[in-house]
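Please read the structure below before turning to the comments.
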């Protein structure tokens, strides 16, 4: 199969690297120093589970910043940050064959709608990646936790194309599975994201630290409970044990920094709109109050503005 990885950062670099190592044709779309390093020395993946390996450009593997060079694909994994979805969606259209699938491997609950608007709903699959990855330096992706990738039809129905894609990924060592209800799965992940990601920017704390301190633990729980209420208004009744599991402090989470905190510390744009902003917009449509999330949203937006305007900020 031919895969295009649109956004070869931590998540895209890891999954794309696993597929390329397995022998699939893979086009990585990236930019900046990261792209230059991959073109020069290949993509290095350092995985706690799969060891360290390097994927170099060859007749099957290409690194580029030009989507037009990708050509037609069987599968496009969209791994850009949620704030870039609207921008990249039209660039994917030339990659489509009649049976091409476009998989949103992103945070938030609005990306699939945006992709479907530009590409047609029939091409789009939803996905959630419960994985801890980051770019440690240009050309190097670190896989430090988990790895499950759930993929599903937006209709919620089982399909052969999802099963085929999942099986191919599993053959390559990727922990993949077909979601029985991707809408449920997307809301399930939003519960985690809407609590830990933005609140970590405020506290500058790891997941484990936030869970270990009683006062911040309560705030995390309330952020999640609000997400539960909004999800239920949209017909998604999340299981209580999901939140209970998220609120358990385990040793591997003690030093785990969220992607939003890492981006904030590096001076990169953050996904506050795609995560908390999305929840607030959904809540407004149903008339559901979400005061904890509004408070966190406003605070993170202010911190982000102060960061952008601070002296010496690039």
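Observations on the structure shown:
- Meets criteria (surrounded by 14 or more Cβ atoms within 10 Å (Cβ to Cβ) and without any contact (Cβ under 8 Å) to a residue 24 or more places away in the chain) for residue 226: no
- Residue 308 touching a helix residue (DSSP H, G or I) at 6+ places or on another chain (Cβ under 8 Å) and either farther than 22 Å from residue 209 by Cα or not in a helix (DSSP H, G or I) (or both): no
- Residue match in the stretch 171-181 (condition: crowded, with 19+ Cβ neighbours inside 10 Å and farther than 17 Å from residue 75 by Cβ): no
- Filter pass, residue 88 being surrounded by 22 or more Cβ atoms within 10 Å (Cβ to Cβ) and either more than 19 Å from residue 125 (Cβ to Cβ) or in contact with a strand residue (DSSP E or B) (Cβ under 9 Å, 6 or more places away or on another chain) (or both): no
- Test: residue in the stretch 239-252 that is assigned to a loop (DSSP other than H, G, I, E, B), under 26 Å from residue 184 (Cα atoms) and without any contact (Cβ under 8 Å) to a residue 24 or more places away in the chain: yes
- Scanning the stretch 238-261 for residues being over 28 Å from residue 180 (Cβ atoms) and at pLDDT 95 or above gives a total of 2.
- Output for the stretch 295-314, where each listed residue is under 22 Å from the mean Cα position of the chain (by Cα) and surrounded by fewer than 22 Cβ atoms within 10 Å (Cβ to Cβ): 297, 301, 304
The values are calculated or read from the model by the stated rules, or taken from the named source; none is laboratory data. Everything quoted here is computed from the prediction, not taken from an experiment. All Cβ positions, glycine included, derive from the backbone under ideal geometry; neighbour counts span all protein chains shown.
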